[in-house]
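Participant: Mind looking over this structure? Questions follow.
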Amino acid sequence: MEGHGRGVLGMTPEAMRRLAGKATDALIDRIDGLSDERPWDGDFREALEAQLGGPPPENGRPAEEVLEQILRDVLPYAARLDHPRFFGFVPSAPTWPSVVADYLAAGFNINSCTWLVSSGTGQLELVVVDWMRAWIGYPETAGGLLTSGGSAASVEALVAAREAAGHPERPAVYMSDQSHGALKRAALIAGVRRENIRLVPSDDGFRMDMAELRQCVADDRANGLQPVAVCANAGSAGTGAIDPLVPLADFCSREGVWLHLDAAYGGFALVTPQGKERLAGIERADSVGLDAHKAFFQPYEAGALMVKDAKRLEDAFAIGNDVLQDTVWGANHPNFADRGLQLSRAARALKLWMSVQMFGMADLRAAVQNGLDLARRAEAYVEASPVLELMTPVSLGIVCFRVNPGDGRDEHTLDDVNRHVLAQVFWDELAFFSSTSLKGVFSLRMCIVNHTTTWEDVRLTLELVERLGRETLAGR
(Lines give C-alpha, C1' and ligand atoms only; values in the text may rest on other atoms or scores of the structure.)
Protein backbone atom coordinates (compact mmCIF):
# COMPACT_ATOMS: atom_id res chain seq x y z
CA MET A 1 0.00 0.00 0.00
CA GLU A 2 1.21 3.51 -0.80
CA GLY A 3 2.01 6.09 1.84
CA HIS A 4 3.93 4.12 4.49
CA GLY A 5 4.82 6.08 7.59
CA ARG A 6 6.41 4.72 10.74
CA GLY A 7 6.55 0.91 10.65
CA VAL A 8 5.55 -1.41 7.85
CA LEU A 9 1.84 -0.93 8.62
CA GLY A 10 2.00 2.82 9.21
CA MET A 11 0.75 5.59 6.92
CA THR A 12 2.05 9.11 6.50
CA PRO A 13 -0.11 11.90 7.93
CA GLU A 14 -0.89 13.07 4.39
CA ALA A 15 -2.09 9.61 3.33
CA MET A 16 -4.16 9.27 6.51
CA ARG A 17 -5.88 12.62 5.95
CA ARG A 18 -6.55 11.80 2.30
CA LEU A 19 -8.16 8.45 3.13
CA ALA A 20 -10.14 9.80 6.09
CA GLY A 21 -11.35 12.75 4.01
CA LYS A 22 -12.66 10.47 1.27
CA ALA A 23 -14.39 8.25 3.82
CA THR A 24 -15.97 11.27 5.55
CA ASP A 25 -17.18 12.71 2.26
CA ALA A 26 -18.75 9.35 1.39
CA LEU A 27 -20.57 9.20 4.72
CA ILE A 28 -21.91 12.74 4.46
CA ASP A 29 -23.01 12.24 0.85
CA ARG A 30 -24.80 9.04 1.88
CA ILE A 31 -26.67 10.73 4.71
CA ASP A 32 -27.55 13.74 2.59
CA GLY A 33 -29.01 11.62 -0.22
CA LEU A 34 -30.52 8.87 1.90
CA SER A 35 -34.19 9.69 1.33
CA ASP A 36 -33.73 9.38 -2.45
CA GLU A 37 -32.41 5.82 -2.13
CA ARG A 38 -34.31 2.60 -1.57
CA PRO A 39 -34.46 1.63 2.11
CA TRP A 40 -33.07 -1.83 1.40
CA ASP A 41 -30.72 -3.46 -1.06
CA GLY A 42 -29.11 -6.87 -1.06
CA ASP A 43 -27.56 -9.43 -3.38
CA PHE A 44 -27.19 -13.18 -3.52
CA ARG A 45 -24.16 -14.82 -2.03
CA GLU A 46 -22.94 -16.15 -5.40
CA ALA A 47 -22.73 -12.64 -6.83
CA LEU A 48 -21.00 -11.21 -3.76
CA GLU A 49 -18.60 -14.14 -3.59
CA ALA A 50 -17.54 -13.48 -7.17
CA GLN A 51 -16.78 -9.84 -6.32
CA LEU A 52 -15.30 -10.22 -2.86
CA GLY A 53 -14.01 -13.77 -2.47
CA GLY A 54 -10.62 -15.29 -3.08
CA PRO A 55 -7.42 -15.65 -1.02
CA PRO A 56 -5.88 -12.67 0.76
CA PRO A 57 -3.52 -10.68 -1.48
CA GLU A 58 0.19 -11.02 -0.83
CA ASN A 59 0.80 -7.36 -1.63
CA GLY A 60 -1.39 -4.43 -0.71
CA ARG A 61 -3.45 -2.30 -3.07
CA PRO A 62 -3.77 1.50 -3.16
CA ALA A 63 -5.87 2.71 -0.23
CA GLU A 64 -8.28 4.73 -2.37
CA GLU A 65 -8.90 1.74 -4.63
CA VAL A 66 -9.82 -0.47 -1.66
CA LEU A 67 -12.08 2.23 -0.22
CA GLU A 68 -13.85 2.67 -3.55
CA GLN A 69 -14.50 -1.07 -3.76
CA ILE A 70 -15.95 -1.10 -0.23
CA LEU A 71 -18.22 1.83 -1.05
CA ARG A 72 -19.30 0.23 -4.33
CA ASP A 73 -19.46 -3.51 -3.63
CA VAL A 74 -19.95 -3.98 0.13
CA LEU A 75 -21.65 -1.23 2.11
CA PRO A 76 -24.63 -0.58 -0.22
CA TYR A 77 -25.87 -4.16 0.18
CA ALA A 78 -27.64 -3.75 3.48
CA ALA A 79 -30.77 -2.47 5.10
CA ARG A 80 -30.53 1.31 5.30
CA LEU A 81 -31.72 1.32 8.88
CA ASP A 82 -31.50 5.10 9.14
CA HIS A 83 -33.64 5.73 6.04
CA PRO A 84 -36.67 7.90 6.93
CA ARG A 85 -38.99 5.28 5.37
CA PHE A 86 -37.34 2.22 6.89
CA PHE A 87 -39.97 0.96 9.33
CA GLY A 88 -38.94 -2.70 9.57
CA PHE A 89 -37.82 -4.53 12.70
CA VAL A 90 -36.50 -1.79 15.04
CA PRO A 91 -34.61 0.81 12.98
CA SER A 92 -31.57 2.77 14.05
CA ALA A 93 -30.89 6.37 13.04
CA PRO A 94 -27.67 7.68 14.61
CA THR A 95 -26.80 11.34 14.92
CA TRP A 96 -23.63 12.64 13.32
CA PRO A 97 -21.92 13.53 16.64
CA SER A 98 -22.37 9.93 17.79
CA VAL A 99 -20.82 8.66 14.55
CA VAL A 100 -17.85 10.99 15.04
CA ALA A 101 -17.55 9.81 18.64
CA ASP A 102 -17.22 6.18 17.51
CA TYR A 103 -14.55 7.28 15.01
CA LEU A 104 -12.62 9.00 17.80
CA ALA A 105 -12.99 6.06 20.18
CA ALA A 106 -11.64 3.70 17.54
CA GLY A 107 -8.80 6.04 16.65
CA PHE A 108 -7.77 6.52 20.27
CA ASN A 109 -7.99 2.73 20.61
CA ILE A 110 -9.82 2.86 23.94
CA ASN A 111 -10.54 -0.31 25.87
CA SER A 112 -13.09 0.63 28.54
CA CYS A 113 -12.34 -2.36 30.71
CA THR A 114 -10.73 -0.95 33.88
CA TRP A 115 -10.19 2.44 35.48
CA LEU A 116 -6.42 2.21 35.05
CA VAL A 117 -6.73 1.53 31.33
CA SER A 118 -9.49 4.05 30.57
CA SER A 119 -10.40 6.43 33.37
CA GLY A 120 -11.69 9.16 31.02
CA THR A 121 -14.25 7.02 29.22
CA GLY A 122 -14.83 5.15 32.47
CA GLN A 123 -16.00 8.39 34.04
CA LEU A 124 -18.23 9.10 31.04
CA GLU A 125 -19.79 5.66 31.44
CA LEU A 126 -20.51 6.44 35.10
CA VAL A 127 -22.17 9.70 33.99
CA VAL A 128 -24.26 8.07 31.26
CA VAL A 129 -25.27 5.19 33.52
CA ASP A 130 -26.38 7.71 36.15
CA TRP A 131 -28.49 9.52 33.54
CA MET A 132 -30.23 6.23 32.82
CA ARG A 133 -30.64 5.58 36.54
CA ALA A 134 -32.45 8.90 36.91
CA TRP A 135 -34.63 8.33 33.82
CA ILE A 136 -35.75 4.96 35.19
CA GLY A 137 -36.28 6.38 38.68
CA TYR A 138 -33.85 4.01 40.37
CA PRO A 139 -32.31 4.80 43.79
CA GLU A 140 -28.69 5.80 44.37
CA THR A 141 -27.80 2.15 44.97
CA ALA A 142 -28.47 1.37 41.31
CA GLY A 143 -25.85 1.09 38.62
CA GLY A 144 -24.95 -0.81 35.52
CA LEU A 145 -22.88 -0.77 32.39
CA LEU A 146 -23.09 -0.31 28.64
CA THR A 147 -23.31 -3.47 26.57
CA SER A 148 -23.30 -4.50 22.94
CA GLY A 149 -27.09 -4.61 23.01
CA GLY A 150 -30.15 -6.21 24.52
CA SER A 151 -28.87 -9.75 24.03
CA ALA A 152 -25.79 -9.23 26.19
CA ALA A 153 -27.80 -7.21 28.72
CA SER A 154 -30.29 -10.08 29.05
CA VAL A 155 -27.51 -12.63 29.62
CA GLU A 156 -25.91 -10.49 32.31
CA ALA A 157 -29.25 -9.81 34.00
CA LEU A 158 -30.17 -13.50 34.18
CA VAL A 159 -26.72 -14.50 35.44
CA ALA A 160 -27.08 -11.88 38.19
CA ALA A 161 -30.58 -13.19 38.95
CA ARG A 162 -29.30 -16.75 39.11
CA GLU A 163 -26.51 -15.81 41.52
CA ALA A 164 -28.90 -13.75 43.66
CA ALA A 165 -31.09 -16.86 43.95
CA GLY A 166 -28.14 -18.92 45.15
CA HIS A 167 -27.43 -20.68 41.87
CA PRO A 168 -30.20 -23.29 42.25
CA GLU A 169 -29.95 -26.71 40.65
CA ARG A 170 -33.35 -26.55 38.92
CA PRO A 171 -33.96 -22.92 37.94
CA ALA A 172 -36.98 -21.75 35.97
CA VAL A 173 -37.40 -18.48 34.09
CA TYR A 174 -40.68 -16.94 32.91
CA MET A 175 -41.36 -14.66 29.96
CA SER A 176 -44.27 -13.68 27.77
CA ASP A 177 -45.12 -15.45 24.54
CA GLN A 178 -44.44 -12.01 23.04
CA SER A 179 -40.89 -11.85 24.41
CA HIS A 180 -37.88 -11.41 22.16
CA GLY A 181 -35.96 -14.58 21.33
CA ALA A 182 -32.85 -13.04 22.89
CA LEU A 183 -34.38 -13.66 26.32
CA LYS A 184 -34.76 -17.38 25.64
CA ARG A 185 -31.15 -17.55 24.48
CA ALA A 186 -30.04 -15.63 27.57
CA ALA A 187 -31.85 -18.08 29.84
CA LEU A 188 -30.12 -21.00 28.13
CA ILE A 189 -26.73 -19.36 28.53
CA ALA A 190 -27.49 -18.68 32.19
CA GLY A 191 -27.99 -22.42 32.71
CA VAL A 192 -31.76 -22.81 32.53
CA ARG A 193 -32.83 -26.01 30.80
CA ARG A 194 -34.88 -25.43 27.68
CA GLU A 195 -37.93 -27.17 29.13
CA ASN A 196 -37.83 -24.85 32.17
CA ILE A 197 -38.08 -21.66 30.12
CA ARG A 198 -41.75 -20.86 30.51
CA LEU A 199 -43.62 -18.88 27.86
CA VAL A 200 -46.54 -17.29 29.68
CA PRO A 201 -49.59 -16.61 27.47
CA SER A 202 -50.45 -13.00 26.74
CA ASP A 203 -53.89 -11.40 26.93
CA ASP A 204 -55.85 -9.75 24.12
CA GLY A 205 -53.59 -6.70 24.38
CA PHE A 206 -50.45 -8.87 24.03
CA ARG A 207 -49.51 -8.25 27.66
CA MET A 208 -48.38 -11.00 30.00
CA ASP A 209 -51.40 -12.64 31.62
CA MET A 210 -50.92 -12.36 35.39
CA ALA A 211 -53.26 -15.24 36.25
CA GLU A 212 -51.33 -17.54 33.93
CA LEU A 213 -48.03 -16.42 35.46
CA ARG A 214 -49.23 -17.04 39.01
CA GLN A 215 -50.41 -20.52 38.12
CA CYS A 216 -47.22 -21.38 36.27
CA VAL A 217 -44.99 -20.32 39.17
CA ALA A 218 -47.13 -22.19 41.69
CA ASP A 219 -47.06 -25.37 39.59
CA ASP A 220 -43.29 -25.18 39.19
CA ARG A 221 -42.69 -24.70 42.90
CA ALA A 222 -44.90 -27.72 43.58
CA ASN A 223 -42.79 -29.75 41.16
CA GLY A 224 -39.48 -28.85 42.79
CA LEU A 225 -38.32 -26.09 40.44
CA GLN A 226 -37.00 -22.76 41.73
CA PRO A 227 -38.36 -19.68 39.95
CA VAL A 228 -35.38 -17.41 39.40
CA ALA A 229 -36.61 -14.57 37.20
CA VAL A 230 -39.60 -13.13 35.38
CA CYS A 231 -38.68 -11.35 32.15
CA ALA A 232 -41.30 -8.79 31.18
CA ASN A 233 -41.70 -6.42 28.25
CA ALA A 234 -41.42 -2.67 28.70
CA GLY A 235 -42.34 -2.21 25.05
CA SER A 236 -42.32 -5.51 23.17
CA ALA A 237 -40.58 -5.66 19.81
CA GLY A 238 -43.68 -7.15 18.20
CA THR A 239 -46.39 -4.66 19.10
CA GLY A 240 -44.81 -2.23 21.57
CA ALA A 241 -47.04 -3.70 24.30
CA ILE A 242 -46.08 -2.97 27.90
CA ASP A 243 -46.66 -5.77 30.38
CA PRO A 244 -48.50 -4.90 33.65
CA LEU A 245 -45.41 -3.56 35.41
CA VAL A 246 -46.87 -2.71 38.81
CA PRO A 247 -48.74 -6.03 39.29
CA LEU A 248 -45.61 -7.84 38.10
CA ALA A 249 -43.46 -5.98 40.61
CA ASP A 250 -45.93 -6.79 43.40
CA PHE A 251 -45.98 -10.46 42.44
CA CYS A 252 -42.19 -10.82 42.13
CA SER A 253 -41.66 -9.05 45.44
CA ARG A 254 -44.03 -11.45 47.21
CA GLU A 255 -42.51 -14.49 45.53
CA GLY A 256 -38.88 -13.48 45.97
CA VAL A 257 -38.27 -13.65 42.21
CA TRP A 258 -36.03 -11.30 40.21
CA LEU A 259 -37.96 -9.04 37.81
CA HIS A 260 -36.07 -8.16 34.64
CA LEU A 261 -37.59 -5.75 32.12
CA ASP A 262 -36.72 -5.89 28.45
CA ALA A 263 -36.88 -2.20 27.54
CA ALA A 264 -34.44 -2.50 24.64
CA TYR A 265 -36.98 -1.00 22.26
CA GLY A 266 -39.21 1.05 24.54
CA GLY A 267 -36.97 2.19 27.37
CA PHE A 268 -35.86 5.55 26.02
CA ALA A 269 -39.48 6.69 25.84
CA LEU A 270 -38.78 7.41 29.52
CA VAL A 271 -37.20 10.74 28.57
CA THR A 272 -40.66 12.01 27.53
CA PRO A 273 -43.53 12.69 29.96
CA GLN A 274 -45.79 10.46 27.88
CA GLY A 275 -43.33 7.57 27.96
CA LYS A 276 -42.68 8.02 31.68
CA GLU A 277 -46.40 7.70 32.34
CA ARG A 278 -46.82 4.60 30.17
CA LEU A 279 -43.81 2.89 31.77
CA ALA A 280 -44.88 3.61 35.35
CA GLY A 281 -43.57 0.86 37.61
CA ILE A 282 -40.32 0.34 35.68
CA GLU A 283 -38.42 1.67 38.70
CA ARG A 284 -39.50 -1.36 40.74
CA ALA A 285 -37.78 -3.90 38.50
CA ASP A 286 -34.56 -5.54 39.68
CA SER A 287 -32.96 -4.91 36.28
CA VAL A 288 -33.73 -3.14 33.02
CA GLY A 289 -32.14 -3.61 29.61
CA LEU A 290 -32.10 -0.68 27.16
CA ASP A 291 -30.74 -0.09 23.65
CA ALA A 292 -29.64 3.44 22.77
CA HIS A 293 -29.01 2.29 19.18
CA LYS A 294 -32.76 1.94 18.80
CA ALA A 295 -34.84 4.89 19.97
CA PHE A 296 -32.03 7.11 21.28
CA PHE A 297 -30.24 7.68 17.98
CA GLN A 298 -26.87 6.03 18.48
CA PRO A 299 -24.86 3.80 16.11
CA TYR A 300 -24.44 0.14 16.93
CA GLU A 301 -23.43 -1.01 19.53
CA ALA A 302 -25.05 0.90 22.39
CA GLY A 303 -26.98 -1.31 24.79
CA ALA A 304 -27.17 -0.99 28.56
CA LEU A 305 -28.06 -3.01 31.63
CA MET A 306 -29.27 -1.21 34.73
CA VAL A 307 -29.63 -3.01 38.06
CA LYS A 308 -31.40 -1.62 41.11
CA ASP A 309 -28.65 -2.96 43.38
CA ALA A 310 -25.41 -2.48 41.46
CA LYS A 311 -23.56 -4.78 43.85
CA ARG A 312 -25.49 -7.72 42.37
CA LEU A 313 -23.52 -7.36 39.13
CA GLU A 314 -20.12 -7.47 40.80
CA ASP A 315 -21.25 -10.39 42.96
CA ALA A 316 -21.97 -12.28 39.74
CA PHE A 317 -19.09 -11.19 37.48
CA ALA A 318 -16.07 -9.96 39.47
CA ILE A 319 -13.22 -12.45 38.97
CA GLY A 320 -9.68 -11.95 40.26
CA ASN A 321 -6.92 -12.20 37.65
CA ASP A 322 -3.18 -12.00 38.30
CA VAL A 323 -2.58 -10.32 34.94
CA LEU A 324 -4.99 -7.53 35.94
CA GLN A 325 -3.84 -7.09 39.54
CA ASP A 326 -2.32 -3.69 38.75
CA THR A 327 -5.70 -2.28 37.64
CA VAL A 328 -7.15 -1.95 41.15
CA TRP A 329 -7.47 1.78 41.89
CA GLY A 330 -9.18 1.87 45.27
CA ALA A 331 -12.74 2.67 46.28
CA ASN A 332 -15.14 4.51 43.95
CA HIS A 333 -13.08 3.68 40.88
CA PRO A 334 -15.05 0.84 39.29
CA ASN A 335 -13.74 -1.61 36.75
CA PHE A 336 -16.59 -2.18 34.31
CA ALA A 337 -15.12 -5.57 33.43
CA ASP A 338 -16.26 -6.64 36.92
CA ARG A 339 -19.89 -5.86 36.05
CA GLY A 340 -20.41 -7.99 32.96
CA LEU A 341 -19.14 -10.60 30.54
CA GLN A 342 -16.70 -8.45 28.54
CA LEU A 343 -13.13 -7.55 29.38
CA SER A 344 -12.34 -5.97 26.02
CA ARG A 345 -14.99 -3.24 25.75
CA ALA A 346 -15.50 -0.43 23.27
CA ALA A 347 -15.87 3.08 24.68
CA ARG A 348 -19.63 3.15 24.10
CA ALA A 349 -20.32 5.98 26.54
CA LEU A 350 -18.45 8.52 24.43
CA LYS A 351 -21.09 8.66 21.68
CA LEU A 352 -23.99 8.91 24.11
CA TRP A 353 -22.33 11.64 26.15
CA MET A 354 -21.20 13.55 23.06
CA SER A 355 -24.59 13.54 21.35
CA VAL A 356 -26.41 14.60 24.52
CA GLN A 357 -23.91 17.40 25.12
CA MET A 358 -24.18 18.71 21.54
CA PHE A 359 -27.98 18.50 21.13
CA GLY A 360 -29.25 18.77 24.69
CA MET A 361 -32.09 16.79 26.18
CA ALA A 362 -34.80 19.15 24.90
CA ASP A 363 -34.03 18.29 21.27
CA LEU A 364 -33.48 14.60 21.99
CA ARG A 365 -36.75 14.45 23.92
CA ALA A 366 -38.56 16.06 21.00
CA ALA A 367 -37.01 13.52 18.62
CA VAL A 368 -38.22 10.60 20.77
CA GLN A 369 -41.66 12.18 21.04
CA ASN A 370 -41.78 12.56 17.27
CA GLY A 371 -41.81 8.78 16.85
CA LEU A 372 -44.59 8.37 19.42
CA ASP A 373 -46.67 11.11 17.75
CA LEU A 374 -46.25 9.72 14.24
CA ALA A 375 -47.35 6.28 15.42
CA ARG A 376 -50.53 7.80 16.84
CA ARG A 377 -51.23 9.58 13.54
CA ALA A 378 -50.62 6.34 11.66
CA GLU A 379 -53.05 4.55 14.00
CA ALA A 380 -55.74 7.13 13.21
CA TYR A 381 -55.04 6.81 9.47
CA VAL A 382 -55.40 3.02 9.57
CA GLU A 383 -58.62 3.21 11.56
CA ALA A 384 -60.11 5.62 9.01
CA SER A 385 -59.00 3.58 5.99
CA PRO A 386 -61.59 1.43 4.16
CA VAL A 387 -58.80 -0.95 3.11
CA LEU A 388 -56.70 -1.34 6.27
CA GLU A 389 -57.41 -2.93 9.66
CA LEU A 390 -55.68 -2.03 12.93
CA MET A 391 -54.57 -5.23 14.67
CA THR A 392 -53.96 -3.81 18.15
CA PRO A 393 -53.98 -0.33 19.70
CA VAL A 394 -50.68 1.55 19.44
CA SER A 395 -48.72 1.49 22.68
CA LEU A 396 -45.44 3.24 21.86
CA GLY A 397 -44.16 3.65 18.31
CA ILE A 398 -45.19 0.36 16.65
CA VAL A 399 -48.23 0.09 14.38
CA CYS A 400 -49.57 -3.39 13.54
CA PHE A 401 -52.13 -3.51 10.75
CA ARG A 402 -53.10 -5.43 7.63
CA VAL A 403 -54.99 -5.15 4.38
CA ASN A 404 -58.58 -6.16 5.15
CA PRO A 405 -61.48 -4.36 3.46
CA GLY A 406 -63.95 -6.16 5.71
CA ASP A 407 -65.83 -7.85 2.89
CA GLY A 408 -65.87 -11.31 4.40
CA ARG A 409 -62.68 -12.79 2.95
CA ASP A 410 -61.34 -15.74 4.91
CA GLU A 411 -58.15 -15.60 6.98
CA HIS A 412 -56.14 -17.71 4.54
CA THR A 413 -56.90 -15.28 1.71
CA LEU A 414 -56.09 -12.27 3.87
CA ASP A 415 -52.77 -13.82 4.86
CA ASP A 416 -51.91 -14.40 1.20
CA VAL A 417 -52.87 -10.84 0.24
CA ASN A 418 -50.76 -9.28 2.99
CA ARG A 419 -47.77 -11.52 2.29
CA HIS A 420 -47.95 -10.48 -1.35
CA VAL A 421 -48.07 -6.79 -0.42
CA LEU A 422 -45.08 -7.21 1.88
CA ALA A 423 -43.07 -8.98 -0.83
CA GLN A 424 -43.79 -6.21 -3.34
CA VAL A 425 -42.67 -3.53 -0.91
CA PHE A 426 -39.61 -5.54 0.07
CA TRP A 427 -38.27 -5.82 -3.46
CA ASP A 428 -39.65 -2.89 -5.43
CA GLU A 429 -40.63 0.16 -3.40
CA LEU A 430 -39.13 3.23 -1.73
CA ALA A 431 -40.33 2.17 1.73
CA PHE A 432 -39.67 -0.82 3.95
CA PHE A 433 -41.60 -2.43 6.77
CA SER A 434 -41.72 -5.93 8.20
CA SER A 435 -44.30 -8.36 9.57
CA THR A 436 -45.16 -10.24 12.71
CA SER A 437 -47.52 -12.97 13.83
CA LEU A 438 -50.16 -11.92 16.34
CA LYS A 439 -51.62 -15.05 17.90
CA GLY A 440 -51.25 -16.79 14.57
CA VAL A 441 -52.53 -13.92 12.41
CA PHE A 442 -50.13 -12.47 9.84
CA SER A 443 -49.75 -8.73 10.40
CA LEU A 444 -47.85 -5.93 8.73
CA ARG A 445 -45.79 -3.90 11.17
CA MET A 446 -44.30 -0.40 11.13
CA CYS A 447 -41.84 0.70 13.80
CA ILE A 448 -41.39 4.49 13.83
CA VAL A 449 -38.35 5.71 15.76
CA ASN A 450 -36.25 7.66 13.22
CA HIS A 451 -35.65 11.30 14.12
CA THR A 452 -35.63 12.22 10.39
CA THR A 453 -38.99 10.58 9.61
CA THR A 454 -41.86 12.94 8.83
CA TRP A 455 -45.63 12.45 8.55
CA GLU A 456 -45.17 12.61 4.79
CA ASP A 457 -42.94 9.51 4.97
CA VAL A 458 -45.49 7.64 7.07
CA ARG A 459 -48.48 8.74 5.00
CA LEU A 460 -46.85 7.80 1.69
CA THR A 461 -46.04 4.36 3.08
CA LEU A 462 -49.60 3.75 4.26
CA GLU A 463 -50.99 4.99 0.94
CA LEU A 464 -48.65 2.58 -0.80
CA VAL A 465 -50.03 -0.33 1.25
CA GLU A 466 -53.57 0.74 0.41
CA ARG A 467 -52.80 0.86 -3.31
CA LEU A 468 -50.97 -2.43 -3.39
CA GLY A 469 -53.71 -3.98 -1.26
CA ARG A 470 -56.42 -2.86 -3.66
CA GLU A 471 -54.46 -4.14 -6.65
CA THR A 472 -53.82 -7.50 -5.02
CA LEU A 473 -57.44 -7.88 -3.93
CA ALA A 474 -58.65 -7.01 -7.44
CA GLY A 475 -56.32 -9.62 -8.93
CA ARG A 476 -57.91 -12.26 -6.74
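Table: residues versus (1) farther than 30 Å from ARG80 by Cβ; (2) aromatic (Phe, Trp, Tyr); (3) under 20 Å from the mean Cα position of the chain (by Cα).
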{"position": "GLY281", "(1), (2), (3)": "yes, no, no"}
{"position": "ALA285", "(1), (2), (3)": "yes, no, yes"}
{"position": "ASP291", "(1), (2), (3)": "no, no, yes"}
{"position": "GLN298", "(1), (2), (3)": "no, no, yes"}
{"position": "LYS308", "(1), (2), (3)": "yes, no, no"}
{"position": "ALA331", "(1), (2), (3)": "yes, no, no"}
{"position": "GLN342", "(1), (2), (3)": "no, no, yes"}
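Participant: Something else: Is it the case that some residue within the stretch 89-110 is among the polar types (S, T, N, Q) and touching a Cys at 6+ places or on another chain (Cβ under 8 Å)? Even if it seems obvious, please write down each step before you answer.
Facilitator: First, pick out the residues of the stretch 89-110 that are among the polar types (S, T, N, Q): 92, 95, 98, 109.
Filter again for touching a Cys at 6+ places or on another chain (Cβ under 8 Å), leaving none.
No - not one qualifying residue is present in the stretch 89-110.
Participant: Name every residue in the stretch 171-199 that is farther than 18 Å from CYS252 by Cβ and of a type in the set (Gly, Ala, Ser), in order of residue number.
Facilitator: GLY181, ALA182, GLY191
Participant: Here is a check on your reading of the model: is ASP415 open to solvent by 10 Å² or more (accessible area, probe 1.4 Å), in a loop (DSSP other than H, G, I, E, B) and of a type in the set (Asp, Glu)?
Facilitator: Judged against the criteria, ASP415 is not a match.
Participant: Out of THR114, THR141, THR95, I need the residue that is open to solvent by 60 Å² or more (accessible area, probe 1.4 Å), touching a residue at least 12 places away in the same chain (Cβ under 8 Å) and more than 30 Å from SER437 (Cα to Cα). Which one?
Facilitator: THR141
Participant: State whether one or more residues within the stretch 34-54 are farther than 26 Å from LEU350 by Cα, among the basic types (Lys, Arg) and touching a residue at least 12 places away in the same chain (Cβ under 8 Å).
Facilitator: So far as the stretch 34-54 goes, yes, one or more of its residues are farther than 26 Å from LEU350 by Cα, among the basic types (Lys, Arg) and touching a residue at least 12 places away in the same chain (Cβ under 8 Å).
Participant: Which residues, counting only those in the stretch 336-372, are under 18 Å from LYS276 (Cβ atoms) and buried (at least 16 other Cβ atoms within 10 Å of the Cβ)?
Facilitator: VAL356, LEU364, ARG365, ALA367, VAL368, GLN369, ASN370, GLY371, LEU372
Participant: Kindly check whether there is at least one residue in the stretch 358-381 that is under 30 Å from GLN123 (Cβ atoms) and aromatic (Phe, Trp, Tyr).
Facilitator: Yes.
Participant: Moving on. Quick one: in the stretch 25-46, of everything that is open to solvent by less than 50 Å² (accessible area, probe 1.4 Å) and assigned to a helix (DSSP H, G or I), which residue is nearest to GLU429 (Cα to Cα)?
Facilitator: My answer is LEU34.
Participant: Evaluate the following for TYR300: is it buried (at least 24 other Cβ atoms within 10 Å of the Cβ) and among the hydroxyl-bearing types (Ser, Thr, Tyr)?
Facilitator: no
A quick yes/no check of all residues on (1) on the phi > 0 side of the Ramachandran plot; (2) surrounded by fewer than 18 Cβ atoms within 10 Å (Cβ to Cβ); (3) of a type in the set (Asp, Glu):
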position	(1), (2), (3)
TRP131	no, yes, no
LEU146	no, no, no
GLY150	no, no, no
GLU163	no, yes, yes
GLY181	no, yes, no
LEU199	no, yes, no
GLY238	no, no, no
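Participant: Also: Of the residues GLU301, GLU283, which is under 12 Å from ILE136 (Cα atoms), of a type in the set (Asp, Glu) and touching a residue at least 40 places away in the same chain (Cβ under 8 Å)? Walk me through it before giving the result.
Facilitator: Values: GLU301 fails: under 12 Å from ILE136 (Cα atoms).
Selected residue: GLU283, the only one of GLU301, GLU283 that is under 12 Å from ILE136 (Cα atoms), of a type in the set (Asp, Glu) and touching a residue at least 40 places away in the same chain (Cβ under 8 Å).
Participant: Turning to a different aspect of this structure: Using the structure shown, decide if GLU471 is of a type in the set (D, E, K, R) and either touching a strand residue (DSSP E or B) at 6+ places or on another chain (Cβ under 9 Å) or assigned to a loop (DSSP other than H, G, I, E, B) (or both). Please lay out each step first, then the result.
Facilitator: Working: of a type in the set (D, E, K, R): yes; either touching a strand residue (DSSP E or B) at 6+ places or on another chain (Cβ under 9 Å) or assigned to a loop (DSSP other than H, G, I, E, B) (or both): no.
Spelling it out, it is not the case that GLU471 is of a type in the set (D, E, K, R) and either touching a strand residue (DSSP E or B) at 6+ places or on another chain (Cβ under 9 Å) or assigned to a loop (DSSP other than H, G, I, E, B) (or both).
Participant: Among ARG402, ARG445, which is the only one that is among the charged types (D, E, K, R), crowded, with 18+ Cβ neighbours inside 10 Å, in contact with an Asp or Glu (Cβ under 6 Å, 6 or more places away or on another chain) and on the phi < 0 side of the Ramachandran plot?
Facilitator: The unique qualifying residue is ARG402.
Participant: Which one is farthest from LEU104 (Cα to Cα), of the residues in the stretch 2-24 that are of a type in the set (A, V, I, L, M, F, W, C) and surrounded by fewer than 10 Cβ atoms within 10 Å (Cβ to Cβ)?
Facilitator: Result: VAL8.
Participant: Answer yes or no as to whether ASP262 is more than 25 Å from VAL117 (Cβ to Cβ), out of contact with any helix residue (DSSP H, G or I) (no Cβ under 7 Å at 6 or more places or on another chain) and either surrounded by 20 or more Cβ atoms within 10 Å (Cβ to Cβ) or among the acidic types (Asp, Glu) (or both). Break it down stepwise before answering.
Facilitator: Details: more than 25 Å from VAL117 (Cβ to Cβ): yes; out of contact with any helix residue (DSSP H, G or I) (no Cβ under 7 Å at 6 or more places or on another chain): no; either surrounded by 20 or more Cβ atoms within 10 Å (Cβ to Cβ) or among the acidic types (Asp, Glu) (or both): yes.
The answer is no for ASP262.
Participant: Another question about this same structure. When both residues are 6+ apart or on different chains and their Cβ atoms are under 8 Å apart, which pairs have a first residue that lies in the stretch 165-177 and is under 12 Å from ARG194 (Cα atoms) and of a type in the set (Asp, Glu), and a second that is at pLDDT 95 or above and open to solvent by 60 Å² or more (accessible area, probe 1.4 Å)?
Facilitator: Pairs found: none.
Participant: While we're looking at this one, here's another question. Return yes or no: is SER395 modelled with pLDDT under 95 and either in contact with a Gly (Cβ under 8 Å, 6 or more places away or on another chain) or open to solvent by 70 Å² or more (accessible area, probe 1.4 Å) (or both)?
Facilitator: The answer is yes for SER395.
Participant: Hey, does the stretch 357-364 have a residue that's touching a helix residue (DSSP H, G or I) at 6+ places or on another chain (Cβ under 8 Å) and part of a loop (DSSP other than H, G, I, E, B)?
Facilitator: The answer is no; no qualifying residue exists.
The values are calculated or read from the model by the stated rules, or taken from the named source; none is laboratory data. Since the model is a prediction, treat every value here as computed from it, not as a measurement. Heads up, the Cβs are rebuilt from the backbone with ideal geometry, glycines too, and the neighbour counts pull from every protein chain shown. Remember, those area values only see protein heavy atoms, side chains included, never the ligands or the DNA or RNA. Shrake-Rupley method; radii C 1.70, N 1.55, O 1.52, S 1.80 Å.
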